[in-house]
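Just below is one structure, and these are the notes that go with it.
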Amino acid sequence: MGEKKEDAGMADAYHEKPADLETWSGLPLKEFYSPDDISGFDYKMKIGNPGDYPYTRGIHRNMFRGRYWTRREVSGYGTPEDTNERLKYLVAEGASGLNVIPDNPSIMGIDSDHPRASGEVGVQGVPMCTLQDMELLMRDMPLEKISMSLIASSTQTPVALSQYIALAQSKGFKPGDLAGTTQNDPVHCRYAGFRISSPIDLALKTGVDVIEYCTRHMPRWYPINVNMYDLREQGLTAPQELAFGFSMAILYIQGVLERGLDIDEFAPRFAFYCSAHIDFFEEIAKLRAARRIWAKIMKERFGAKDPRSWKFKFGVHTAGCSLVPHQARNNIIRVAYQALAAVLAGVQSLHCCSYDEPIALPTEESVRLAIRTQQILAYETGVARVADPLGGSYYIESLTEQIEHEAVRIMEAIDGKGGMKDALESGWIDAQMDEASLRYQREVENEDRIVVGLNRFRIEEDPRAGDAHRVNPEAERLQVSRLKLLKESRDENAVKESLREIKLRAEAGEHENLIPAMIEAARNYATLAEVLGTVRVAMGEPYDPFEIVSHPFF
């Protein structure tokens, strides 16, 4: 008798072994690693102790013994009141920092009543049109005590920051009393679906304004969080994530230096937002390499003298692009491994994806599980007790070196194109991203890259979760109606005068910082579109990125 099909399948499974002998990013791997793979390493200059230059092993000597990483979860949906409730829920469940993302219309710089906003208001993020929205979003929150992360990343960033400052001032606080972060990486937004709202010159103007203002007035605030994560979501390799992200950072640094600031005035508050993808050891090595590369960039390229300027400070978002809707609870396991990699690599702030992310926004149950993942890591596993516990591993140190070498090679190629701005404008960066995305898709379709539950080990199921989060269908109607009433009740002359001041300052040139005028406009309840649209017009762009709505005052 012939062998049964199930017996043959079991035999095949028993003898199966890895088919790919390289990292996720295509870096070749040896069968094993030994002292020979790190021979010639100068420990002090190449690795060093935690807290010592070049910070390969961590930016603090005691790392998590001094303080756990900040445990955040991205929030934003429905009305500002809806998101306020979710923030309070997360605080009650043990989150140690708040993280709010705007909805797509806000990221585009348009108001909730814009024709193109229909169907998108509050669906993926919270509306941030006016100071009124910020007041409702942060109701009952102790602004002077919390660490607030505004994931405003596009050219909307200075407007959102101005609303937050205006809110704080109305409560008697100064900008310097506030702690937190604005993502503020508008150049990268062209790769996150918001290209027409973030032309490069406008993106650099708004980004540099935020860094300059925060440096001068908000010493507890991180004014930029360069978004390597969104770049990685395009299908990039680990070295490309570092190279493209650092090249973006250099673009902003050059802009701030041209404003007359010294590198050591603002570099200590520079931060990065990285991905923790699914290749466990590669991600740990990537983040260790990132610290080393950044230390060298700041010390050798820009001549920074303050050791705080050399330290790579980063938050991690576990890789949403690695999650799939099929057998969605498998994502719980993926996220846990990715979070572990981030912690072992010395992360400062961590967001864990919810397992239902490929299906919908997280439910209370799924976001609680994401928080619990971090809490189990912190309180049960013991991984926070020792700084860089994998340091000295022949494999980890060799892979760290390999990733650094490849990332630096790509950065040199970008410099050879004339720098990041020229590489963006020429389409070279676009081509690299398209190639990476296509390569990954082909690998999955051909089963050269196995994704459990997607292209192997499939089951018959409906991938849609029956208990998926649903945004209240009344949220958009309520938001648009409230915005209309606000426009009718505010002091229109005060709004018009504050917008005129923004226009005059924007026309005065690149070195005129617009945030003080934006704060005044926020106090007068000028809308996001009115404020940003005024800047766009002054810089030769259409008031409305979709060229549908005209300026209501000029």
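The values are calculated or read from the model by the stated rules, or taken from the named source; none is laboratory data. Fair warning: this is a prediction, and the values are worked out from it, not measured in the lab. Here the Cβ is made from the backbone with ideal geometry for all residues, glycine too, and neighbour counts use every protein chain on show.
Can you find a residue that is within 24 Å of Y355 (Cα to Cα) and not assigned by TED's automatic domain parsing to the domain that holds I284 anywhere in segment 398-407? Reasoning before the result, please.
The first filter runs over segment 398-407 and keeps only residues within 24 Å of Y355 (Cα to Cα), leaving none.
Within segment 398-407, not a single residue is within 24 Å of Y355 (Cα to Cα) and not assigned by TED's automatic domain parsing to the domain that holds I284.
Could you count how many residues in segment 405-453 are among the acidic types (D, E) and in contact with an Asp or Glu (Cβ under 8 Å, 6 or more places away or on another chain)?
So the answer is 1.
Condition test on G109, is it under 22 Å from I146 (Cα atoms) and surrounded by 22 or more Cβ atoms within 10 Å (Cβ to Cβ)?
no
Does segment 483-513 hold any residues that are assigned to a helix (DSSP H, G or I) and not charged (D, E, K, R), and which are they?
Once the filter is applied, which keeps residues that are assigned to a helix (DSSP H, G or I) and not charged (D, E, K, R), segment 483-513 yields L483, L485, L486, S489, N493, A494, V495, S498, L499, I502, L504, A506.
Regarding L340, is this residue in contact with a helix residue (DSSP H, G or I) (Cβ under 6 Å, 6 or more places away or on another chain) and not in a loop (DSSP other than H, G, I, E, B)?
no
What do you reckon, is T400 free of Cβ contacts under 8 Å to residues at least 60 places away in the same chain, among the polar types (S, T, N, Q) and buried (at least 20 other Cβ atoms within 10 Å of the Cβ)?
Against the criterion (free of Cβ contacts under 8 Å to residues at least 60 places away in the same chain, among the polar types (S, T, N, Q) and buried (at least 20 other Cβ atoms within 10 Å of the Cβ)), T400 does not qualify.
For segment 465-483, does any single residue satisfy the condition of being farther than 29 Å from H114 by Cβ, at pLDDT below 90 and under 27 Å from the mean Cα position of the chain (by Cα)?
Yes, because at least one residue in segment 465-483 is farther than 29 Å from H114 by Cβ, at pLDDT below 90 and under 27 Å from the mean Cα position of the chain (by Cα).
Out of all the residues in segment 6-23, is one or more buried (at least 18 other Cβ atoms within 10 Å of the Cβ) and out of contact with any Gly (no Cβ under 7 Å at 6 or more places or on another chain)?
Yes, because at least one residue in segment 6-23 is buried (at least 18 other Cβ atoms within 10 Å of the Cβ) and out of contact with any Gly (no Cβ under 7 Å at 6 or more places or on another chain).
Keeping to segment 93-111, report how many residues are among the charged types (D, E, K, R) and either farther than 17 Å from E476 by Cβ or over 17 Å from the mean Cα position of the chain (by Cα) (or both). First the steps, then the outcome.
Pass one, segment 93-111, residues among the charged types (D, E, K, R): 93, 103, 111.
Right, trim to either farther than 17 Å from E476 by Cβ or over 17 Å from the mean Cα position of the chain (by Cα) (or both) and you get 93, 111.
Residues flagged as among the charged types (D, E, K, R) and either farther than 17 Å from E476 by Cβ or over 17 Å from the mean Cα position of the chain (by Cα) (or both) within segment 93-111 amount to 2.
So is Q374 over 17 Å from R292 (Cα atoms) and part of a helix (DSSP H, G or I) or not? Walk me through how you get there before you give the answer.
Values: over 17 Å from R292 (Cα atoms): yes; part of a helix (DSSP H, G or I): yes.
Here the answer is yes, as Q374 does meet what is asked.
Please go through segment 514-540 and pick out each residue that is surrounded by fewer than 18 Cβ atoms within 10 Å (Cβ to Cβ) and not in a helix (DSSP H, G or I).
M539, G540, listed by residue number.
Being under 30 Å from E512 (Cβ atoms), outside any loop (DSSP other than H, G, I, E, B), in contact with a Cys (Cβ under 9 Å, 6 or more places away or on another chain) and of a type outside the set (A, V, I, L, M, F, W, C), is that true of even one residue in segment 268-276?
Filtering segment 268-276 for residues under 30 Å from E512 (Cβ atoms) gives 268-273.
From what is left, the residues that are outside any loop (DSSP other than H, G, I, E, B) are 268-273.
Restricting the remaining residues to those that are in contact with a Cys (Cβ under 9 Å, 6 or more places away or on another chain) gives 269.
This time we only want the ones that are of a type outside the set (A, V, I, L, M, F, W, C), so: 269.
Within segment 268-276, one or more residues are under 30 Å from E512 (Cβ atoms), outside any loop (DSSP other than H, G, I, E, B), in contact with a Cys (Cβ under 9 Å, 6 or more places away or on another chain) and of a type outside the set (A, V, I, L, M, F, W, C).
If you take the residues of segment 202-224 that are of a type in the set (S, T, Y) and either part of a loop (DSSP other than H, G, I, E, B) or under 19 Å from the mean Cα position of the chain (by Cα) (or both), which of them is surrounded by the most Cβ atoms within 10 Å (Cβ to Cβ)?
Restricting attention to segment 202-224, the residues satisfying the condition of being of a type in the set (S, T, Y) are 206, 213, 215, 222.
Adding the requirement that they be either part of a loop (DSSP other than H, G, I, E, B) or under 19 Å from the mean Cα position of the chain (by Cα) (or both) leaves 206, 222.
Working: T206: 27, Y222: 25.
Looking at residues that are of a type in the set (S, T, Y) and either part of a loop (DSSP other than H, G, I, E, B) or under 19 Å from the mean Cα position of the chain (by Cα) (or both), I get T206.
Take N99 and tell me if it is out of contact with any strand residue (DSSP E or B) (no Cβ under 7 Å at 6 or more places or on another chain), closer than 28 Å to G193 by Cβ and assigned by TED's automatic domain parsing to the domain that holds T373.
On the way: out of contact with any strand residue (DSSP E or B) (no Cβ under 7 Å at 6 or more places or on another chain): no; closer than 28 Å to G193 by Cβ: yes; assigned by TED's automatic domain parsing to the domain that holds T373: yes.
So N99 does not fit the description; no.
Considering only segment 1-109, give the helices (runs of 4 or more DSSP H) lying wholly within it that have at least 3 residues that are free of Cβ contacts under 8 Å to residues at least 24 places away in the same chain.
5-15, 80-92
If you check G255, G176, G193, G235, which single one turns out to be farther than 29 Å from L390 by Cα and not in a helix (DSSP H, G or I)?
Numbers: G255 fails: not in a helix (DSSP H, G or I); G176 fails: not in a helix (DSSP H, G or I); G235 fails: farther than 29 Å from L390 by Cα.
None of the others qualify; the one that does is G193.
Among (1) assigned to a helix (DSSP H, G or I); (2) in contact (Cβ under 8 Å) with a residue 60 or more places away in the chain, which single condition is S153 missing?
Here S153 clears every test but (1).
Of these, K299, K311, which one is over 15 Å from the mean Cα position of the chain (by Cα), among the charged types (D, E, K, R), modelled with pLDDT of 95 or more and surrounded by fewer than 19 Cβ atoms within 10 Å (Cβ to Cβ)?
Matching residue, one of K299, K311: K299.
What about Q234, is it polar (S, T, N, Q), within 16 Å of the chain's Cα centre (by Cα), assigned by TED's automatic domain parsing to the domain that holds Y273 and surrounded by fewer than 21 Cβ atoms within 10 Å (Cβ to Cβ)?
Spelling it out, Q234 is indeed polar (S, T, N, Q), within 16 Å of the chain's Cα centre (by Cα), assigned by TED's automatic domain parsing to the domain that holds Y273 and surrounded by fewer than 21 Cβ atoms within 10 Å (Cβ to Cβ).
I need every pair where a residue in segment 366-389 that is more than 21 Å from R329 (Cα to Cα) and in contact (Cβ under 8 Å) with a residue 40 or more places away in the chain has its Cβ under 7 Å from the Cβ of a residue that is of a type in the set (D, E, K, R) and crowded, with 19+ Cβ neighbours inside 10 Å, sequence separation at least 6 or different chains.
Filtered contacts from segment 366-389: A387/R57; D388/R57.
Test A243 against the criterion of being in the same structural domain as L350 (by TED's automatic domain parsing), part of a helix (DSSP H, G or I) and under 29 Å from R409 (Cβ atoms), and give yes or no.
Judged against the criteria, A243 is a match.
Those residues that are crowded, with 23+ Cβ neighbours inside 10 Å and over 21 Å from the mean Cα position of the chain (by Cα), I need them from segment 355-380; list them, please.
L377
With the requirement that a residue be among the hydrophobic types (A, V, I, L, M, F, W, C) and either touching a Gly at 6+ places or on another chain (Cβ under 8 Å) or more than 23 Å from R536 (Cβ to Cβ) (or both), what does segment 478-504 give you?
L478, L485
Working carefully through the options A475, A468, find the one that is surrounded by 12 or more Cβ atoms within 10 Å (Cβ to Cβ) and not in a helix (DSSP H, G or I).
A468 is the lone residue from the list that is surrounded by 12 or more Cβ atoms within 10 Å (Cβ to Cβ) and not in a helix (DSSP H, G or I).
What is the residue count in segment 124-142 for residues that are assigned to a loop (DSSP other than H, G, I, E, B) and buried (at least 18 other Cβ atoms within 10 Å of the Cβ)?
Here is the first cut: in segment 124-142, the residues assigned to a loop (DSSP other than H, G, I, E, B) are 124-125, 127-130, 138-142.
Restricting the remaining residues to those that are buried (at least 18 other Cβ atoms within 10 Å of the Cβ) gives 125, 127-130, 138.
The number of residues fulfilling the criteria is 6.
Quick one: T181 ticks every box in (1) in a helix (DSSP H, G or I); (2) closer than 19 Å to I253 by Cβ; (3) in contact with a Phe, Trp or Tyr (Cβ under 9 Å, 6 or more places away or on another chain) bar one, so which box is it?
(1)
Looking only at residues that are under 20 Å from the mean Cα position of the chain (by Cα) and of a type in the set (A, V, I, L, M) in segment 60-92, which one is surrounded by the most Cβ atoms within 10 Å (Cβ to Cβ)?
Per the criteria, the residue is L87.
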